[in-house]
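What follows is one structure encoded as structure tokens, with my remarks underneath.
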Amino acid sequence: MSATALFGNYARSNLSFDHGEGVWLVTKDGRRFLDCGSGIAVNSCGHSHPHLVKALQDQAAKLWHISNLHQMPEGERLAQRLVDNTFADKVLFVNSGAEAMEAAIKCARRYQYDNGQPDRFHVITFEGAFHGRTLGTIAAGGQAKYMEGFGPKAPGFDQVPAGDLEALKAVIGPQTAAIAIEPIQGEGGIKEMQPEFLRALRQLCDDNGLLLIFDEIQTGVGRTGKMFAYEWSGVAPDLMAVAKGIGGGFPVGACLATAETAAALAPGTHGTTFGGNPLAMAVGNAVLDVILADGFLQDVQKKGLNFKQKLAGLVDSHPKVLELVRGSGLMMGLKCVVPAGDYVAAARDAGLLAVPAGDNTVRIMPPLTMTEDEIATAVERLEQAAQAVEAKLVEGAAE
Ligand SMILES: *Cc1c(COP(=O)(O)O)cnc(C)c1O
């Protein structure tokens, strides 16, 4: 039996951190790790950002929680700022990504129901998708490994290959309520959907009375160098799930919607006890102060391009370890030749944290505040890791 009282559902590294400073995580014994995982694309402003720390401390001294039975001025402010910077007219706050997706799915179904189409409750999703770990969102994601042993798959989810318009058209029917997609698949291995494909989805939704749901839980809040990744395609969804980066490390999720769609969740139809609590809203507002500052997103684009170019060079010089780099902004994936887990471990040994994903890919998703100097250090460490993996390959071949 393992020594800890925690559930054993995570395969944790043996690292234990004491504190963080910007892009760095520091262990008790003073070892410093360059955080290129951001706690899975969460620490958008890095660790211990003074503006975020102050916002949380100030709010903590005033009010923590009041429930959604009362007015929520901090939440109204954050919602308005999200509305001002997106397609959306309305925002619902929740506590996590899966809850944001659940809210989007429920809203889409209820919208069809309210329009006299109660049979339209199916959501079409795409192979390789990840939408969360609740009973509903594992069915939406459709991955057998996440559903095994958890009872029958929740009904109402149809899946087609990503990018396959014909397969998609074939599955749209009188039961379809919505199409849900990540503009870039995160857990699936940093796989970008083509802008034309997203545009075609928009058209199909409009032609068939369906709602378009974008899952921007991982791609959102500046990660790709735009506030939201859908901006690159020029098409807007009807519903959007947001989480991870919006709280900068404080648990926050949000479901964004057009006014017409949001109206489906009338009083009493949906709710959450904690969602949008004052602590979460204070931090969310502080994160937006950083991300929406003049020039910040352009800077992320520039840094992302530079980082990606350097990673392409790394791939070129280590073809036995790395196959290719893909992604956008500071959301990048290194598809590996060796097992991705081996490369993540070697990077960790070199003092850099990265996150494995599907399709044998290693995700590089540092805080958006990372500097060019820190990018250079990251590339050095990733180079070191590639050399270490290569040396092991040679040893293995010699044996
Ligand atoms: C992380 C993630 C989720 C789930 O978010 P949780 O906060 O873990 O529930 C859903 N969709 C995408 C695209 C994600 O990256």
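The values are calculated or read from the model by the stated rules, or taken from the named source; none is laboratory data. Since this is a predicted model, take the numbers as computed values, not measurements. Ideal geometry is used to build each Cβ from the backbone, glycine not excepted, and the neighbour counts take in all protein chains shown. Protein only, heavy atoms only, side chains kept; ligands, DNA and RNA dropped before computing areas. Shrake-Rupley method; radii C 1.70, N 1.55, O 1.52, S 1.80 Å.
Miscellaneous remarks
- Among the residues of this structure, K302 does not count as one that is farther than 22 Å from L25 by Cβ and not in a helix (DSSP H, G or I).
- Within segment 191-225, being within 11 Å of the ligand (Cβ to nearest atom), assigned to a loop (DSSP other than H, G, I, E, B) and open to solvent by less than 10 Å² (accessible area, probe 1.4 Å) holds for E216, T219, G220, R223.
- Across segment 356-399, the number of residues qualifying as open to solvent by 20 Å² or more (accessible area, probe 1.4 Å), under 24 Å from G295 (Cα atoms) and outside any helix (DSSP H, G or I) comes to 2.
- Members of segment 2-27 found to be modelled with pLDDT of 95 or more, surrounded by fewer than 11 Cβ atoms within 10 Å (Cβ to Cβ) and over 21 Å from A357 (Cα atoms), listed by number: A5, L6, F7, S16
- Condition check for A282: among the aliphatic types (A, V, I, L, M), in contact (Cβ under 8 Å) with a residue 24 or more places away in the chain and over 22 Å from G188 (Cα atoms): yes
- V321 vs. criteria surrounded by 23 or more Cβ atoms within 10 Å (Cβ to Cβ) and under 19 Å from R223 (Cβ atoms): no
Listed here are the residues, each with its yes/no results for (1) touching a Cys at 6+ places or on another chain (Cβ under 8 Å); (2) buried (at least 22 other Cβ atoms within 10 Å of the Cβ); (3) without any contact (Cβ under 8 Å) to a residue 12 or more places away in the chain.
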residue	(1), (2), (3)
V94	yes, yes, no
A104	yes, yes, no
T137	no, yes, no
G141	no, yes, no
E148	no, no, yes
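- Of the residues making up segment 1-50, those that are in contact with a Ser or Thr (Cβ under 9 Å, 6 or more places away or on another chain), hydroxyl-bearing (S, T, Y) and closer than 26 Å to Y146 by Cβ number 2.
- Looking across A139, A162, A103, A98, one residue alone is in a loop (DSSP other than H, G, I, E, B), aliphatic (A, V, I, L, M) and either under 29 Å from G247 (Cβ atoms) or within 16 Å of the ligand (Cβ to nearest atom) (or both). It is A162.
- Selection from segment 106-135 of residues that are touching a residue at least 60 places away in the same chain (Cβ under 8 Å) and part of a helix (DSSP H, G or I): K106, C107, A108, R109, R110, Y111, Q112, Y113, D114
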